[in-house]
1. So what is the relative contact order of the chain, in percent, for Cα pairs below 8 Å that sit 6 or more residues apart?
2. Once you order the gyration tensor axes a ≥ b ≥ c over the Cα atoms, which shape class does segment 90-249 get: rounded for a/c under 1.5, otherwise prolate or oblate by comparing a/b with b/c?
3. If I take every Cα pair under 8 Å that is 6 or more residues apart in segment 194-355, average their sequence separation and divide by the length, what percent do I get for the relative contact order?
4. Bin width 10 Å, alpha-carbon pairs only: give the P(r) of segment 44-84 as whole percents, running from 0 to the bin holding the largest distance.
5. Report the relative contact order of segment 40-174, percent, no decimals, based on alpha-carbon pairs under 8 angstrom and at least 6 residues apart.
6. In Å³ and rounded to a whole number, note down the convex hull volume per residue for the Cα atoms of segment 1-118.
7. Choose one of GLY332, VAL242, PHE374: the residue whose Cα lies farthest towards the positive end of the charge dipole of the chain (beta-carbon charges +1 Lys, Arg; -1 Asp, Glu; about the Cα centre).
8. With N set to the residue count of the chain, report its C-alpha Rg divided by 2.2 N^0.38 Å to two decimal places.
Amino acid sequence: MTDTQTAPTGTLFADAIGRLDKAGKIAGLDPEVVELLRHPKAVIHISIPVRMDDGSLKVFEGYRVRHNSHRGPTKGGIRYHPGVSLDEVKALAFWMTCKCAVVGIPFGGGKGGVTVDPRELSHMELERLSRGFIQQVADFIGPDVDIPAPDVYTNARIMGWMMDEFSKIKRQHSPAVITGKPIPLGGSLGRDDATGRGAYYCIKELEKQRGWDPTQITVAVQGFGNGGQNAVKLLHTDGYKVVAVSDSKGGIYKADGFDVPSLIQFKNQSRKLKAVYCDGSVCEAIQAESISNEQLLELDVDVLIPAALENQITTDNAANIKAKVIVEVANGPTTPDADTSLAQRGTLVIPDILANAGGVTVSYFEWVQNRQGFYWPVEEVRERLDKIMRDEFNAVYDLMEQHKTDMRTAAYAHALKRIGDAVEAGGTQRYFTEAN
Ligand code: NAD
């Protein structure tokens, strides 16, 4: 099968796997490994009939993709969003394969999604949808097979419903089937802020590399949810000036920096009680200059943190991006063409597969604790996360310098080396032809 048959060019998945060739060369990868990674291992497309509160029946489309399992069971979140498509889920699953390998945790990559705007559902409709999703994929997932987690517009409560549904179907308590669960249902301490914290540890290592004084460093964050909030909360504590934040409704700017804890408090209080999702806009209560998401991305700041959705930095705006460093808390916020333009101008991009890997790392800790039936204090979780993130950041940074390349290519090369080692351990053409 040719690449074109697998993924027509111009799709998110095609763009995602397009990174393989360059990084594969640096990693000295066997061409068989690259070929394997161009194809997801398995894809399931489901429909989920949901009885709505008014008695009507609505059928939602959903997907689960297992991209690669050479290094362990597949792992990755479930997204609820109106824009979810199979192409997007495949790209997200590929990124998970690479992300787990970047931080050296024993998982392959998977991802799932439902095409839905969950903010339009009641709590009960949402629970029925979430249980329905698991009913359709129960034979496709499992603690040793494929382990979902939260992603955009899914949360701990939803993970709890899903774990409960899976346990009922299997007639076996199965906490390790899903991570990001509420703490009383087997969640890990420290999972809630792990993604933002992981990005923060990367920035702290860069701070050392660049000799930064945090009080002189300005930060803008696009997307003020789990990842974005926690990253800037920690940066603010260290004195970084968070000058702009935004959510799906728009953004705010304050040249001398926001008091991040009060921003978070307002954002979280303004959630509608009837929904479990953020529904308020940060723009409504804080006295600050309103800006659009587009303006936020083009601000003259030191650090820009895209923490919302993919394809935010494109050829349309890359030339106007003034940030010196981009820390990709979101998955896939920068398109490949935009990447080239940023690299030419010397912008350092800490890529998604490294910058947001803290979440899956603590998900791995959660899975380990579920299987041990022994739970760690939050200090232990953070200490282990801290070590992994800083070690892997520095390994990628060194590789970047050694090969005089960009940090994304270095991160892929670092990941592909680990995946390649796992594939080659089973033998590639080189081994089989030599043996004869
Ligand atoms: P979330 O649902 O908690 O928050 C998303 C935020 O983005 C919300 O504030 C929302 O209002 C905002 N948003 C949505 N559309 C936007 C737009 N067009 N412009 C600006 N803001 C917009 O989600 P999250 O968990 O923080 O995930 C955000 C990103 O981080 C996603 O790309 C996700 O895949 C990635 N990520 C999250 C985790 C995690 O553990 N939460 C882990 C790895 C990667």
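A short reminder: the numbers here are calculations on the coordinates, not readings from a lab. As the structure is a computational prediction, the values presented were derived from the model and not from experiment. Cβ placement follows ideal geometry from the backbone for every residue including glycine, while neighbour counts extend to all protein chains displayed.
1. Once normalised by length, the contact order is 17 percent.
2. Numbers: a/c = 2.38, a/b = 1.77, b/c = 1.34.
Prolate, because a/c is 1.5 or more and a/b exceeds b/c.
3. Relative contact order for segment 194-355 comes out at 22 percent.
4. 23, 39, 26, 10, 2
5. Working: 287 pairs, mean separation 37.0, N = 135.
Dividing the mean separation by the residue count of segment 40-174 yields 27 percent.
6. Values: hull volume 13.2 nm³, N = 118.
So the per-residue hull volume is 112 Å³.
7. Projecting each Cα onto the dipole axis, the largest value belongs to PHE374.
8. Values: Rg = 21.0 Å, N = 436, 2.2 N^0.38 = 22.2 Å.
Normalised Cα radius of gyration, the chain: 0.95.
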